[in-house]
1. Take the Cβ-Cβ distance between B:LEU84 and B:ARG11 as r, set R0 to 30 Å, and report the resulting FRET efficiency rounded to the nearest 0.05.
2. Using Cα pairs under 8 angstrom and six or more residues apart, how large is the relative contact order of chain A, in percent?
3. Ratio of alpha-carbon Rg to the 2.2 N^0.38 Å globular estimate for the protein assembly as shown, to two decimals, please.
4. When 1/r is averaged over all different Cα pairs and the result inverted, which Kirkwood radius in Å belongs to chain B?
5. Please report Rg over Rh for segment A:2-59, where both radii come from the alpha carbon positions and Rh follows the Kirkwood definition.
6. Within a Cβ distance under 13 Å of B:VAL61, other residues only, what is the Lys/Arg minus Asp/Glu net charge?
7. Take segment B:1-71, compute every pairwise Cα distance, and split them into 10 Å bins from 0; I just need the percent in each bin.
8. Excluding residues fewer than 8 places away in the same chain, name every one of the aspartates and glutamates whose C-alpha is closer than 12 Å to that of A:LYS37.
Amino acid sequence: MKNRLRVLRAERDWSQADLAQRLEVSRQSVNAIETGKFDPSLPLAFKLARLFETTIEAIFSDES
Amino acid sequence: MICSIKSPVERRYVIRMWIMAALCVLFSLLAVVVFRHGHPHGIVSYLVAVLPALPIMGVLVYTGVYLAEEKDEFQRNLLVQSLLGGTGGILAVITAWGYMEDLAHAPHMDLIWVYPLFWLFAGISYGLVRARYR
């Protein structure tokens, strides 16, 4: 699944570690999600959307 | 995982693993001493012989507790995939070895090897799974 996490993070000048701390997950988790290698659960996707004050659809898009 | 412990849950898991490992060594030595000097028999011998297996069961229980306590779904996913790799690996080896023993008269493999081999395969799986997400 494609996502705009890197862009959203850059807009706020957050490192992967900063985002991980805010989400209460490991930096490896953020990296895996950001690179599209790991799809987050719905609760984590909602947490991301709340954190970036946007919708899940604005962060994630179905590749197909 | 051990070299980069971050969360309290992970730290607790590693501490519990070390305690179980220490208990395993202690109980193994105790069982050997009891069998060498006490010569137990009957139900007592079974109870003494099973002592070193108790911390091993503890490791499995605490691994389940870790999976229940860990909030980071990615880390949970890594461990679950590693455990599946470990289970698949050991099942493949003991099944293949069973056929080799039955049909080709290969030397008998002691069941005591199943547990360390499971963790060996789980460790290899963990490395492979981590590499995939890098």
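Laboratory data are not the source of any read-out in this text; all were calculated from the coordinates shown. Only a predicted model underlies this, so the values are computations on that prediction, with no experimental measurement involved. Here the Cβ positions follow ideal geometry from the backbone for every residue, glycine too, while neighbour counts run over all protein chains shown.
1. The calculated FRET efficiency here is 0.75.
2. 43 percent
3. So the protein assembly as shown has a normalised radius of gyration of 1.39.
4. Hydrodynamic radius (Kirkwood, Cα only) of chain B equals 17.0 Å.
5. On the Cα set of segment A:2-59, Rg over Rh gives 0.90.
6. So the environment of B:VAL61 carries a net charge of 0.
7. 20, 38, 23, 14, 5
8. Partners found: none.
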